[in-house]
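Encoded as structure tokens, the structure appears first; notes follow it.
The values are calculated or read from the model by the stated rules, or taken from the named source; none is laboratory data. Note that the structure is a prediction, hence the values are computed from the model and not measured. Every residue, glycine as well, gets a Cβ built from its backbone with ideal geometry; the counts of neighbours run over all protein chains shown. Each accessible area value is taken on the protein alone, full model and side chains, heavy atoms only, with ligands, DNA and RNA left out. Shrake-Rupley method; radii C 1.70, N 1.55, O 1.52, S 1.80 Å.
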Amino acid sequence: MDIKNRVNQLRTAMRKKGFDAYLLPSNDPHQSEYVAEHWQSRAWLSGFTGSAGLVIVTAEKAGLWTDSRYFIQAEKELNGSSIDLHPMRNMSQPEYLSWLNEQLPESGRLGMDGRLFTKGQWQRLTKALRNKNIDIIHDFDLISEIWQDRPPLPKGSIFELDLQYTGESRAAKLKRVRQLLVQQQVDHYLLTQLDDIAWLLNLRGHDVPFNPVFIAYLLIEKERTLLFLDTNKVNSELTAQLALDHVLLKDYDAIKGYLSQMNSTSKLLVEPSLNLTLLEQIDPQIKKVGNRLVEQMKAIKNSTEVDNLRKAMVKDGVALVKFFRWLEEVLPSGIISEYDCAQQLKLFRSQQNLYYGESFAAIVGYAGNGAIIHYRPDEITSAILKPEGLLLLDSGGQYQDGTTDITRTIALGTPSQEQKDAYTQVLKGHIALDSIQFPAGTNGGQLDVLARMHLWKSGKDYGHGTGHGVGFFLNVHEGPQGISSQSCSPRARTAFKPGMILSNEPGYYKTDGYGIRIENLILCVETECKQEGRPFFAFETLTLFPIEQSLINVALMEEQELDWLNQYHTKVFERLAPALNEAERSWLATKCIALHQEE
């Protein structure tokens, strides 16, 4: 009833403004994936808690569009809400555009908050609706009018990440950016993505769940850098340190006026992610739209960052050893839920040095819940684990020395042949991707098939990407690189470079049955091979935890695949054992035992 009432309140506000429809996306003014509570208006209005989706409300209908990761979750969370689920299957041509075109009357009025949309999104809307002469009004935040107890913007403090973790000073990074601006023949550069700003300034914050970032805009000029934020978040000592690098603090809301008053002889570089409201403050004659320069810089981790992440991987592996040993001990009690598992794993991680928090809400899916790709257990409704079926656990930690993301699927009882075959096909794809050597210039769209080919042979597939970039003590999902079958996506088109970190996570999901996913983080490295001066690259596995052997059908495995598995487990044991007690080492040894083809 709460959801129905909220939708009706929005319709009342729409009628007062003369709107025939209202659009509400998932992001904030910085195009973030995870957003502060203040910006979680789509979740508040619809009850759908996934990180991606868009709601459209008209006078008679309300719909949510989301991708295949959330189909099952959205169906459950929208049940009884009066909001219809529209599965979005073509990300390059979102189906909600044609739906809007059908629903809106001739010369109708469409409302939205321009801070939450980019110019590119607005242009797609305009193109899709131009035949009906639709008036798109983008300066109304109707949610604030009806969300009476809307949380305020966060007030968390900002802190500096030491050079021993970043490997490069703030001044050196800013110098590199300014050199790029000279090449681009521009005077100023506006950054709006929160992780880009945090990385560039070697700062971290507490404003957004799971991502250690803070809400801000950054304007780089020739001689100084202006940081627009809630200045109360920065103590006097850090303010002074920033000033030494000519980084000056300005109020967050001052950015709008500052952009509108910029000298008409200046040249300003902006990014495609800049929101529509700010974009309209800039004189069209002075702006130049370009790529995210800082995103491309931070994607390539330096040796200090990589070395620190290796340390974080050991700590994360230790926490996982403690968790899975605990799970084996308590499972027979019959009282452990998915939610209990998530909390216990968080506890074990929190006991590790330099722990900051989770890198995302743990996905703990037992049996059929494992088929819900982004399932999140809650305390009241989560399933009780039994000594049977499969458990999928996708989780990660934020440490000051790195960000982790790992998925393991385990059998809580005796697995069926069907489950073992599916698991083995997923594992073979995981190994194929991890083992490939490829020439410079190769991208994730070209490699994605390696992870799927063994599933395809038996008519199986999965509805999510195979890999995403990962930040260094930053966003667990980071661009520009990725591994995806959506060859038109920017992430799939980005060529790999040494220093890039990605996930390798093929899977298989049987609705109402079980879910399987195996995920490690991998590092792109240069090999000794060259062809006519063209280097070849490969992947090095960073994640350290055993792969479930009871689910492997050894008969389906090739000798070289078993060699990969055995070598990986040897590495896992050698790296984790020194940090474990005797009982934990003994347990780990049983999980890392070598597998061989039966004679």
- Task: Output the qualifying pairs, or none if there are none: Cβ atoms under 9 angstrom, residues six or more apart or on different chains, first residue in the range 430-441 and open to solvent by 50 Å² or more (accessible area, probe 1.4 Å), second residue among the hydroxyl-bearing types (S, T, Y).
- Result: Q437/T527
- Query: within 31 Å of the chain's Cα centre (by Cα) and over 22 Å from G397 (Cα atoms): does that describe T527?
  - Reply: yes
- Query: When you go through (1) free of Cβ contacts under 8 Å to residues at least 24 places away in the same chain; (2) among the polar types (S, T, N, Q); (3) more than 17 Å from G156 (Cβ to Cβ) one by one for T239, which number turns out not to apply?
  - Reply: (3)
- In the range 251-265, is there at least one residue being among the small types (G, A, S), more than 26 Å from H138 (Cα to Cα), over 26 Å from the mean Cα position of the chain (by Cα) and open to solvent by 20 Å² or more (accessible area, probe 1.4 Å)? no
- Task: Go through the residues of the range 467-484 one by one and say whether even a single one is surrounded by fewer than 23 Cβ atoms within 10 Å (Cβ to Cβ), more than 29 Å from H206 (Cα to Cα) and of a type outside the set (S, T, Y).
- Result: no
- Would you pick out the residues in the range 10-67 that are touching a strand residue (DSSP E or B) at 6+ places or on another chain (Cβ under 7 Å), within 27 Å of V208 (Cβ to Cβ) and aromatic (F, W, Y)? Y22, F48, W65
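Listed here are the residues, each with its yes/no results for (1) of a type outside the set (G, A, S); (2) part of a helix (DSSP H, G or I); (3) touching a Pro at 6+ places or on another chain (Cβ under 8 Å); (4) modelled with pLDDT of 95 or more.
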residue: N5; (1), (2), (3), (4): yes, yes, no, no
residue: N8; (1), (2), (3), (4): yes, yes, no, no
residue: T12; (1), (2), (3), (4): yes, yes, no, yes
residue: F19; (1), (2), (3), (4): yes, no, no, yes
residue: Y22; (1), (2), (3), (4): yes, no, no, yes
residue: Y34; (1), (2), (3), (4): yes, no, yes, no
residue: L45; (1), (2), (3), (4): yes, yes, no, no
residue: F48; (1), (2), (3), (4): yes, no, no, no
- Item | Single residue of L390, L427 found to be in contact with a helix residue (DSSP H, G or I) (Cβ under 9 Å, 6 or more places away or on another chain) and over 30 Å from E528 (Cβ atoms) | L390
- Message: Criterion first (open to solvent by 10 Å² or more (accessible area, probe 1.4 Å) and of a type in the set (G, A, S)) does S503 satisfy it?
- Response: no
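Here's the yes/no breakdown for (1) touching a His at 6+ places or on another chain (Cβ under 8 Å); (2) open to solvent by 10 Å² or more (accessible area, probe 1.4 Å); (3) among the small types (G, A, S):
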residue: P151; (1), (2), (3): yes, yes, no
residue: K155; (1), (2), (3): no, yes, no
residue: T166; (1), (2), (3): no, no, no
residue: K173; (1), (2), (3): no, no, no
residue: A198; (1), (2), (3): no, no, yes
residue: I220; (1), (2), (3): yes, no, no
- Residue that is most open to solvent (accessible area, probe 1.4 Å), among those in the range 222-240 that are touching a helix residue (DSSP H, G or I) at 6+ places or on another chain (Cβ under 9 Å) and more than 13 Å from I197 (Cα to Cα): K222
- Message: Which pairs turn up if I take residues in the range 558-585 that are of a type in the set (A, V, I, L, M) and look for partners that are not in a helix (DSSP H, G or I) with beta carbon separation below 6 Å, at least 6 apart in sequence or on another chain?
- Response: L562/L595; V572/L544; V572/P546; V572/C592; L576/L544
- Restricting to the range 526-546, what's the tally of residues that are touching a residue at least 60 places away in the same chain (Cβ under 8 Å) and more than 14 Å from V572 (Cβ to Cβ)? 9
- Can you name the residue in the range 50-59 that is assigned to a loop (DSSP other than H, G, I, E, B) and in contact (Cβ under 8 Å) with a residue 40 or more places away in the chain and is also farthest from the chain's Cα centre (by Cα) among such residues? A59
- Note on the structure: In the range 86-132, anything open to solvent by 50 Å² or more (accessible area, probe 1.4 Å), in a loop (DSSP other than H, G, I, E, B) and among the hydrophobic types (A, V, I, L, M, F, W, C) is listed as M91
- Item | Q398 outside any helix (DSSP H, G or I) and on the phi < 0 side of the Ramachandran plot | yes
- Task: Check whether at least one residue in the range 433-446 is of a type in the set (D, E) and closer than 18 Å to G482 by Cα, and report yes or no.
- Result: yes
- Task: Output the residues belonging to the range 235-274 that are under 23 Å from D113 (Cα atoms), among the charged types (D, E, K, R) and in a loop (DSSP other than H, G, I, E, B).
- Result: D253, E271
- If you go through the range 77-85 one residue at a time, do you hit one that is within 30 Å of L201 (Cα to Cα), part of a helix (DSSP H, G or I) and of a type outside the set (G, A, S)? no
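Against the definition (at negative phi, touching a residue at least 24 places away in the same chain (Cβ under 8 Å), in contact with a Gly (Cβ under 6 Å, 6 or more places away or on another chain) and among the basic types (K, R)), how does R109 come out, yes or no?
Criteria met by R109.
Would you say P498 is open to solvent by 30 Å² or more (accessible area, probe 1.4 Å), at pLDDT below 95 and of a type outside the set (K, R)?
no
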- Message: Against the conditions (1) in contact (Cβ under 8 Å) with a residue 24 or more places away in the chain; (2) touching a strand residue (DSSP E or B) at 6+ places or on another chain (Cβ under 9 Å), where does L85 fall short? Just the number, please.
- Response: (1)
- How about the range 275-288: which of its residues are open to solvent by 60 Å² or more (accessible area, probe 1.4 Å) and either farther than 25 Å from D113 by Cβ or aliphatic (A, V, I, L, M) (or both)? Q285, K288
- Item | Wholly enclosed strands (runs of 3 or more DSSP E) of the range 277-383 bearing at least 3 residues in contact (Cβ under 8 Å) with a residue 60 or more places away in the chain | 355-358
- Message: Which numbered condition in (1) of a type outside the set (A, V, I, L, M); (2) over 19 Å from I547 (Cα atoms); (3) in contact with a strand residue (DSSP E or B) (Cβ under 7 Å, 6 or more places away or on another chain) is the only one that Y423 fails?
- Response: (2)
- Can we say Q179 is closer than 19 Å to R292 by Cβ, in contact with a His (Cβ under 9 Å, 6 or more places away or on another chain), modelled with pLDDT of 95 or more and open to solvent by 10 Å² or more (accessible area, probe 1.4 Å)? no
